[in-house]
Amino acid sequence: MIAISGEFPGARIIVLTTYTGDVQVLRALKAGAQAYLLKSFLRKELLETIRTVHAGKKRMLPEVAKELAEHATDDALSARETEVLRLISGGNANKEIAAQLSITEETVKGHVKNILAKLSANDRTHAVTIGLKRGIIDL
């Protein structure tokens, strides 16, 4: 999307996806998308979305806007916290994560604590589930 916008600044981009995660929506909008449409709503919304975007406006389904709004004021995970969460999703223990990232196990524990707080997660598994749902990480 960024490459398209860079080469064709006037391009109007509609993202068609099955993913509703707020992080993915925000990433698409920041990259230049004018609309974010769920494939499950194609029949009802595609034509109207194309018309709206062609007219130079942005369009977002209420379902997508709701997901985005629910997390708009959340503290975002840092790049390192996202990396730690990704390694947790791979089944790695703190000691293994520390070795892979060349940091101490205590530093990993600090990152895990921050991840749990920022995602309002009960434990590591819950954090991974939230991360996948919101599009922070993927498998």
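The values are calculated or read from the model by the stated rules, or taken from the named source; none is laboratory data. In this text, all values refer to a predicted model and were calculated from it rather than measured experimentally. Cβ coordinates were reconstructed from backbone atoms using ideal geometry, including for glycine residues, and neighbour counts include every protein chain displayed. Each accessible area value is taken on the protein alone, full model and side chains, heavy atoms only, with ligands, DNA and RNA left out. Shrake-Rupley method; radii C 1.70, N 1.55, O 1.52, S 1.80 Å.
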* Structure fact -> For region 60-76, pairs from a residue that is in a loop (DSSP other than H, G, I, E, B) and modelled with pLDDT under 85 to a residue that is among the polar types (S, T, N, Q) and open to solvent by 80 Å² or more (accessible area, probe 1.4 Å), with Cβ under 9 Å and 6 or more apart or across chains, are 74/120
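Residue by residue, here is whether (1) basic (Lys, Arg); (2) surrounded by 14 or more Cβ atoms within 10 Å (Cβ to Cβ); (3) farther than 30 Å from residue 4 by Cβ holds:
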residue: 37; (1), (2), (3): no, yes, no
residue: 46; (1), (2), (3): no, yes, no
residue: 55; (1), (2), (3): no, no, no
residue: 60; (1), (2), (3): no, yes, no
residue: 66; (1), (2), (3): yes, no, no
residue: 95; (1), (2), (3): yes, no, yes
residue: 111; (1), (2), (3): no, yes, yes
* Structure fact -> Picked from region 97-109 (must be in a loop (DSSP other than H, G, I, E, B) and not hydrophobic (A, V, I, L, M, F, W, C)), the residue surrounded by the most Cβ atoms within 10 Å (Cβ to Cβ) is 104
* To do: Taking the residues in region 124-139 that are of a type outside the set (Gly, Ala, Ser) and not in a helix (DSSP H, G or I) as candidates, determine which candidate is least open to solvent (accessible area, probe 1.4 Å).
  => 137
* Give the number of residues within region 1-20 that are surrounded by 12 or more Cβ atoms within 10 Å (Cβ to Cβ), closer than 26 Å to residue 133 by Cα and at pLDDT below 85. => 3
* To do: Kindly provide the set of residues from region 77-86 that are in contact (Cβ under 8 Å) with a residue 24 or more places away in the chain and either open to solvent by 80 Å² or more (accessible area, probe 1.4 Å) or not in a loop (DSSP other than H, G, I, E, B) (or both), ordered by number.
  => 80, 81, 82, 84, 85, 86
* Within region 93-138, which residues are touching an Asp or Glu at 6+ places or on another chain (Cβ under 6 Å) and charged (D, E, K, R)? -> 95, 118, 134
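Mind checking whether some residue in region 87-104 is under 20 Å from the mean Cα position of the chain (by Cα) and touching a residue at least 24 places away in the same chain (Cβ under 8 Å)?
Checked region 87-104: at least one residue is under 20 Å from the mean Cα position of the chain (by Cα) and touching a residue at least 24 places away in the same chain (Cβ under 8 Å).
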